[in-house]
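To keep things clear, I will list the structure first and then write my remarks on it.
The values are calculated or read from the model by the stated rules, or taken from the named source; none is laboratory data. Computed from a predicted structure; not experimentally measured. Cβ placement follows ideal geometry from the backbone for every residue including glycine, while neighbour counts extend to all protein chains displayed.
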Amino acid sequence: MKFSAWQQSYANKRSSSFRASSGPLDSSSDGSIKSASAIFWLILHGLCCLISLVLGFRFSRLVFFLLFSSPAANIYTAPFRSASELAQTLTLYSTPASTNIELPAANRTAGITASPNSRVVVGRHGIRIRPWPHPNPVEVMQAHRIIERVQKEQRLQFGVKHPRTVIVVTPTYVRTFQALHLTGVMHSLMNVPYDLVWIVVEAGGATNETASIIAKSGLRTFHVGFRQRMPNLWAERHRLEARMRLHALRIVREKKLDGIVMFADDSNMHSMELFDEIQNVKWVGALSVGILAHSSQTGEESSASVIPKEDEENRAVPVQGPACNSSNQLVGWHTFNSLPYVGKSATYIGDREIVLPRKLEWAGFVLNSQLLWKDAEDRPEWVKDLDTLDHADEDVETPLSLLKDVSLVEPLGSCGRQIMLWWLRVEARADSKFPPGWIIDPPLEITVPSKRTPWPDAPPELPSNEKAVTGVQEHTLKHSSKTQTSRSKRSSRSKRKHDPKTVELQLPGRHSEN
Amino acid sequence: MKGWKWGFVGLLYAAFVLRIGAVEQGRTQPTERISGSAGDVLEDDPVGRLKVFVYELPSKYNKKILQKDPRCLTHMFAAEIFMHRFLLSSPVRTLNPEEADWFYTPVYTTCDLTPNGLPLPFKSPRMMRSAIQLISSNWPYWNRTEGADHFFVVPHDFAACFHYQEEKAIERGILTLLQCATLVQTFGQQNHVCLKEGSIIVPPYAPPQKMQTHLIPEKTPRSIFVYFRGLFYDVGNDPEGGYYARGARAAVWENFKDNPLFDISTEHPTTYYEDMQRAVFCLCPLGWAPWSPRLVEAVIFGCIPVIIADDIVLPFADAIPWEEIGVFIAEKDVPDLDTILTSIPLDVILRKQRLLANPSMKQAMLFPQPAQPGDAFHQVLNGLARKLPHDKNIYLKPGERILNWTAGPVGDLKPW
């Protein structure tokens, strides 16, 4: 009956705690239990349990172990800390003499060896913790080197076998958001693991502003100026950008650059997988571009009114790119559905309305640079020469104008199912000013505070003959539309797009006009 | 002069053929040939080298047990069931016991499961004993050798000791009736009572289909340095620590819980298999028993196994050179695990990864349904074939007896 009870308790957990396993069940091998000794051990065991309850650790085992272990056994207490407080950290190494430590039936503690000459002992072991269990920075660096080497090996084996140079064409011009956009593209390009050539075409001529931004990249760059200035209307801007890109392609042809040409507009967002994927192109490839058509109005009302109700599924990011049939052949193109936005789209740069992309953006195409060379022998006959486009009267909207047969374009990114780059146009108004080079020089002077402060209960005005500390203590505030009219009086200062107010931070209070 | 030339050519040819570390340009990754102490035997074909006779036991020993609890097909002890199924339809099976080299007894001793799914070993000795009594009385082949040319699959924690607690298992020892037979088991620890000399160690069962569905592209960069998911303290059975895993898992936690290189925790993420494929090292520490399915998973997913179990004997140790594939850490060295792992030279790590990428290595760890060449079933048969021919003195003279049929705990003698 004891056995079945024992089995029941096992049925609940994998094995019950070792307390239950002890006791008269492990008694002497002949199976008979002498009642006096059994009661004695029971009482002793109960006493030990009570003491353990009070002390907080398994006292009984310790006592029995110390009392009954043979002197040949070695006991380690230092230098290991244990998880519990007291001398529970006992590491027992068996010696051939103490193969089987004879213990009373009540508790079996550590000491049952597997067999002579075995290093491994059954029973409680100490939990070894080294004196300072924290990472060693030298080892961490070495581990990172190991990881890098493993990843390099992976790239060698599973990545692109013969990577070609990536030739990136970026049209840009000096404006408020240029630093933001161009730095983003630059950092993406700096992370590309392949050889890279960056052709930056700047509208309005090459300036030091742009040069200083791209100089930080460390990439091989061609910074080219384009004589015409960037117009203010979006439609004309798109046209000019196309001509700037063609100008860059001509540079590729003149210098006979070899590689894959991709078009990275400076406000677009590129993922690293994109650069791996375009290595697969043979002549002309097409990618899916996620269109982030953005309006600077607060989202809900504007988009809800613009998107018709039946287009519920189009609320996901719209995508431009190749369309394939089930056998992964190019059958058409997904373009941006601009019908809902007719009449409501932005016309000039900095307009609050949604900025719409063209039907197909240049960014979604990649070309083998050998298509552009003057006298490439192996150029396929379905590709026109670049010179023919120079004399065309109508505008070149996409690189597809370079092809006689559009159906030979290769769809990339598992036939356009993967979106690896996103198109976005966020610009400030053309008249927004910003500090050149984003350096505030000379330091700003203190000017007369504005008429109306955002804080109604501000303390009275303080003397204004202290100079503000440059830059560091400058505090820009978001303005509300109410104060815009008052700000328009301040025309002598440099303004940001949203006309921040410069407030001294040396004084805890705020100015207010009388 | 001609002799010299031919000798030179022969030498060159021999050098090419016998080169052990030859790098093959595989389809996906260069791999290296694996040859263990028994030689280059992972790809051997056992068909034709041995014959196995499968005893027809009444279904209460196998089919009925499985019907009662079909969970036995998916837990880590399922190898015994799949081995039976494989042998029934394998070309090494013979229906003529007179020409058989090996005899197999299909008895599912690890299929008595608790509601949680853990097998109870209490009836297993009786079941095994009853099966042996049956075959010894119905066929003459057991008595001929007292089981020396018979093999049994005992995949439980401590194999034929039939208990999950190590102390109890050592006390019981191997079932007396199996003293002469060959055991196919997952447990392996040197100088341990429950590891009989000549046993064939197999990996625990891991579901091959499930692992296939979780494969990620091989070019996903490996960015985790050390990965482990599992218990560090078995709070239910060993709340203070020190018993479970001989304190090794607790030591791993205490020393490395704030180390960013070690991605270790007790969570059960759904991306467990995917994470292993993104790790360079996978810890395979002992638990209550030294073996674990983590070794199989690490090999399949190309993660270098870090084995923390003193004196462990790994599966197919004579066919697979585990020292060259995994990293072995003594339990006393666990606090220095980070130092040890970061001081492994880079070329050694890359070589281990190449060896792991060898498809025959991965195949040898699996029990696929239906069986494929080079898988664990075939490695077991290869192991059995390597033990042939049987020694002449296993055949007993008539009337000679070695085994004591009444030895063992009293409870074992009750009929099943």
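Numbers below:
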| read-out | value |
| --- | --- |
| Residue satisfying condition, being free of Cβ contacts under 8 Å to residues at least 24 places away in the same chain and over 27 Å from A:Gly413 (Cα atoms), within set A:Glu236, A:Glu209 | A:Glu236 |
| Selection count where residues are outside any strand (DSSP E or B) and surrounded by 11 or more Cβ atoms within 10 Å (Cβ to Cβ), scope region A:315-337 | 7 |
| Qualifying positions in region B:330-341 - within 29 Å of B:Lys219 (Cα to Cα) and crowded, with 20+ Cβ neighbours inside 10 Å | B:Leu337, B:Asp338, B:Leu341 |
| Residues located in region B:343-352, provided they are without any contact (Cβ under 8 Å) to a residue 60 or more places away in the chain and assigned to a helix (DSSP H, G or I) | B:Leu346, B:Asp347, B:Val348, B:Leu350, B:Lys352 |
| Filter result (farther than 23 Å from A:Gln154 by Cα, among the hydrophobic types (A, V, I, L, M, F, W, C) and in contact with a Cys (Cβ under 7 Å, 6 or more places away or on another chain)) within region B:260-307 | B:Ile307 |
| Region B:205-230, residues that are more than 10 Å from every other protein chain (Cβ to nearest Cβ) and not aliphatic (A, V, I, L, M) | B:Tyr205, B:Pro207, B:Pro208, B:Gln209, B:Lys210, B:Gln212, B:Thr213, B:His214, B:Tyr227, B:Phe228, B:Arg229, B:Gly230 |
| Which numbered condition B:Lys332 misses (of (1) within 14 Å of chain A (Cβ to nearest Cβ); (2) in contact (Cβ under 8 Å) with a residue 40 or more places away in the chain) | (2) |
| Region A:131-143, subset within 8 Å of chain B (Cβ to nearest Cβ) and in a helix (DSSP H, G or I), residue nearest to B:Phe281 (Cα to Cα) | A:Ala143 |
| Selected residue (only one of B:Ser343, B:Ser360 is more than 14 Å from chain A (Cβ to nearest Cβ) and of a type in the set (Ser, Thr, Tyr)) | B:Ser360 |
| Options B:Pro285, B:Pro315: the member that is buried (at least 23 other Cβ atoms within 10 Å of the Cβ), farther than 22 Å from B:Gln363 by Cα and more than 9 Å from chain A (Cβ to nearest Cβ) | B:Pro285 |
| Total residues in region B:29-59, condition part of a loop (DSSP other than H, G, I, E, B) and within 14 Å of chain A (Cβ to nearest Cβ) | 2 |
| From the options B:Ala169, B:Ala160, B:Ala148, residue that is assigned to a helix (DSSP H, G or I), small (Gly, Ala, Ser) and away from chain A (no Cβ under 14 Å) | B:Ala160 |
| Scan of region A:182-227 for residues that are under 23 Å from the mean Cα position of the chain (by Cα), of a type in the set (Ser, Thr, Tyr) and in a strand (DSSP E or B), ordered by number | none |
| Any hit, region A:157-174, residues being in a loop (DSSP other than H, G, I, E, B), modelled with pLDDT of 90 or more and buried (at least 17 other Cβ atoms within 10 Å of the Cβ) | yes |
| Positions within region A:166-189 being touching a Lys or Arg at 6+ places or on another chain (Cβ under 9 Å), among the hydrophobic types (A, V, I, L, M, F, W, C) and without any contact (Cβ under 8 Å) to a residue 40 or more places away in the chain, in sequence order | A:Met186 |
| Filtered residues of region B:271-283 (kept if touching a Phe, Trp or Tyr at 6+ places or on another chain (Cβ under 7 Å) and assigned to a helix (DSSP H, G or I)) | B:Tyr273, B:Asp275, B:Met276, B:Gln277 |
| Subset of region B:172-204 (residues that are within 14 Å of chain A (Cβ to nearest Cβ) and either of a type in the set (S, T, N, Q) or in contact (Cβ under 8 Å) with a residue 24 or more places away in the chain (or both)) | B:Arg172, B:Phe187, B:Gly188, B:Gln189, B:Gln190, B:Asn191, B:His192, B:Val193, B:Cys194, B:Leu195, B:Lys196 |
| Among residues of region A:414-428, those that are on the phi > 0 side of the Ramachandran plot and loosely packed, with under 14 Cβ neighbours inside 10 Å, counted | 1 |
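Per-residue answers, yes or no, for (1) out of contact with any helix residue (DSSP H, G or I) (no Cβ under 8 Å at 6 or more places or on another chain); (2) surrounded by 17 or more Cβ atoms within 10 Å (Cβ to Cβ):
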{"position": "A:Leu408", "(1), (2)": "yes, no"}
{"position": "A:Leu412", "(1), (2)": "no, yes"}
{"position": "A:Ala430", "(1), (2)": "yes, no"}
{"position": "A:Lys433", "(1), (2)": "yes, no"}
{"position": "A:Trp438", "(1), (2)": "no, no"}
{"position": "A:Pro442", "(1), (2)": "yes, no"}
{"position": "A:Ile446", "(1), (2)": "yes, no"}
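Rundown of residues vs (1) within 11 Å of chain A (Cβ to nearest Cβ); (2) modelled with pLDDT under 95; (3) surrounded by fewer than 21 Cβ atoms within 10 Å (Cβ to Cβ), yes/no style:
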residue: B:Phe232; (1), (2), (3): yes, yes, no
residue: B:Ala245; (1), (2), (3): yes, yes, no
residue: B:Asn259; (1), (2), (3): yes, yes, yes
residue: B:Pro269; (1), (2), (3): no, yes, yes
residue: B:Pro290; (1), (2), (3): yes, yes, no
